[in-house]
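**Student:** Next up is a structure, given as structure tokens.
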Amino acid sequence: MNKWMRASERWRWLTGGAVAFSLLAFLLLLALLGWQGLRGFWPQPVTLFTLNQAGAGKVQVLAEVVSSNQVSRQQLEASGASFPANLPDSVTRYLLKTGNRDFAGFDFRTLLSSDIRQRQQPEEVIVLQRRSGGNAYGWFEGLLDGTQPLIARDINTALQQRLQQTREQLGQMADIRLRQMARINMQLDALDQQAEEQRAEHRFDAQQQSIYQADRVELQRQFVRLAARLALLSNETERGALLLRDASGKVQRIPLAQVVAAWYPNAMSTGEKWQHFASQLWHFVHDSPAENQSEGGAFPAIFGTVLMVVLMSLVVMPLGVVAAVWLHEYARRNALTRLVRIAVVNLAGVPSIVYGVFGLGFFVWLIGGTLDQLFFPSTLPNPTFGTPGLLWASLTLALLTLPVVIVATEEGLARIPPTLRQGSLALGATQAETLWHITLPLAVPAMLTGLILAVARAAGETAPLMLVGVVKMAPELPVDAIFPYLHLDRKFMHLGFQIYDLAFQSPNTEADRPLVYATALLLVCIVLGLNLAAMGLRHRLRERYRTLVQ
């Protein structure tokens, strides 16, 4: 007995150590992602370097210091880099973020400490965060309204006011394009479809034709008015520009419509830096991406990820619970049920990309193509549901996570004492009543365990989604104010695919590295939040039915 107790004690310590190690690894992962991702939102000081370059005059570089490391002369020789003959045995190599991609052609450069004659951090240096082209560094020279310089008592305050005005105008333009004009286009399509149906049924008489033409003319008039308003706003935003003098002394004209924010990092106090950090983090979380993933925010990807997981959960939970109840409560122990259980276990081990191929062939091409032929023949050959979209992505992930829910639910049903079922049946309840009032409520914690595992796997999948609905850039969200409000046929953005695109498909991976870590941290936090919500609900239900089990 004592020997068995000692062995049991060792196993408890091993289990506790494994749990502690897993928790520590997860915390270290969060710390790594947070440090590498969130520091990109902190305003870094900008340094003006004066270089030692004989015969080239005074050469200056304006940049942020990204990293530095010690390198030896032998390492430089092995890499084939050029260096002066009087280079010491060990120097510091700096990785600098110079920005001004559209001016200089590159964002980063390396610099040896031996090449630096002087360094300083002027307080007048301004950083411009742009919607395309990356950051711009230089000195603010003034504002332009068209071709005329803008005169103001406080030119920096005027810059912030003009940027705020430009952001409001861009928001109005996006609302006109994505909501108002889109609604009119849908009304025009519905009107044309209704007219085609009336023609096919020989009900398109002179009165119906007059109503159709009047409605169409009115919608076209509204569309033209919105287009004129959009053109006016576009002209107003294109008129504003600022002048930026770079490190080489050249003055560059930058449209205000391309500028997201402007700040003076070398002159900011600690409180101003924290305020800027919060605003940059909020911009990343709630804003939409610009021309590519490296500019703008991640809100469409966040929204698409959460919406897809919710839809997947609504599909997989009923199917998984029904399958588990049939296997455990109703099916007989025969070859068929053994075959079904083997199939469920094997499905859990199928690679996710195989589910993506199956979803593309079965859901998209077969079911979606059939729906288009039956209900949307007027839009063919342009597909409505016969193309990858949110619905097919959710169904594919529901199929992928179905074995997890079935196994977890069946294990929960197996843990319910048989005496509870027997007592209910002895009191006159039917098997269905026993199942509904006794068995299923007690198995809810196990169902939620299956849901937690399913959410954790589905939220991180990327490979199958690339085939059934996820895109790099979606022009609009799957949910809007246009009927039917939830558009299951639309493509959507996903955080997992955004991480893949930023890390492996970006032409400027060094500049996008902080966004890769920030997006990964965001995905982990979303999965953690969804799991914590399900775990809290499971705990409440488990405590609620604890006395019944006892």
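The values are calculated or read from the model by the stated rules, or taken from the named source; none is laboratory data. Keep in mind that what you see is a predicted model, and the values were worked out from it rather than measured. Note that we place each Cβ from the backbone using ideal geometry, even for glycine, and neighbour counts take in every protein chain shown.
**Student:** Going by the conditions given, is Gly142 crowded, with 16+ Cβ neighbours inside 10 Å and more than 34 Å from the chain's Cα centre (by Cα)?
**Tutor:** yes
**Student:** Are there any pairs, at least 6 apart or on different chains, whose C-beta atoms fall under 6 Å, with the first in the stretch 520-534 and closer than 19 Å to Leu502 by Cα and the second of a type outside the set (Phe, Trp, Tyr) and assigned to a helix (DSSP H, G or I), and if so, which?
**Tutor:** Going by the 6 Å Cβ cut-off, the qualifying pairs are Ala520/Leu33; Ala520/Ile499; Leu521/Leu33; Leu521/Gly34; Leu521/Gly37; Leu523/Leu495.
**Student:** For Ala463, state whether it is in contact (Cβ under 8 Å) with a residue 60 or more places away in the chain, in the same structural domain as Met535 (by TED's automatic domain parsing) and under 23 Å from Val527 (Cα atoms). Before the answer, list the steps.
**Tutor:** Details: in contact (Cβ under 8 Å) with a residue 60 or more places away in the chain: yes; in the same structural domain as Met535 (by TED's automatic domain parsing): yes; under 23 Å from Val527 (Cα atoms): yes.
Spelling it out, Ala463 is indeed in contact (Cβ under 8 Å) with a residue 60 or more places away in the chain, in the same structural domain as Met535 (by TED's automatic domain parsing) and under 23 Å from Val527 (Cα atoms).
**Student:** Go through the stretch 332-364 and give me each residue that's farther than 25 Å from Arg457 by Cα and surrounded by 14 or more Cβ atoms within 10 Å (Cβ to Cβ).
**Tutor:** Within the stretch 332-364, just Thr337 meets the criteria.
**Student:** Separate question: Are any residues in the stretch 492-510 in a loop (DSSP other than H, G, I, E, B) and more than 15 Å from Gly297 (Cα to Cα), and if so, which ones?
**Tutor:** Within the stretch 492-510, Ser506, Pro507, Asn508 qualify.
**Student:** Taking the stretch 33-51 as the search range and keeping residues that are under 16 Å from Asp512 (Cα atoms) and among the hydrophobic types (A, V, I, L, M, F, W, C), which one is surrounded by the most Cβ atoms within 10 Å (Cβ to Cβ)?
**Tutor:** Leu33
**Student:** Having 1 or more residues that are over 26 Å from the mean Cα position of the chain (by Cα) is the bar; report the helices (runs of 4 or more DSSP H) wholly within the stretch 303-418 that clear it.
**Tutor:** Here the list reads 335-348, 369-375, 390-414.
**Student:** Taking the stretch 174-202, which residues are over 39 Å from the mean Cα position of the chain (by Cα) and surrounded by 11 or more Cβ atoms within 10 Å (Cβ to Cβ)?
**Tutor:** Those that are over 39 Å from the mean Cα position of the chain (by Cα) and surrounded by 11 or more Cβ atoms within 10 Å (Cβ to Cβ): Ala195, Glu196, Glu197, Gln198, Arg199.
**Student:** Additional query: Got a sec? Which of Leu448, Leu400, Leu390, Leu435 is touching a Lys or Arg at 6+ places or on another chain (Cβ under 8 Å), at pLDDT 85 or above, over 21 Å from Leu347 (Cα atoms) and aliphatic (A, V, I, L, M)?
**Tutor:** Matching residue, one of Leu448, Leu400, Leu390, Leu435: Leu390.
**Student:** Shifting gears a bit: Residue under question is Ala429, and the condition is that it be part of a loop (DSSP other than H, G, I, E, B) and in the same structural domain as Arg542 (by TED's automatic domain parsing); does it hold?
**Tutor:** In short, yes.
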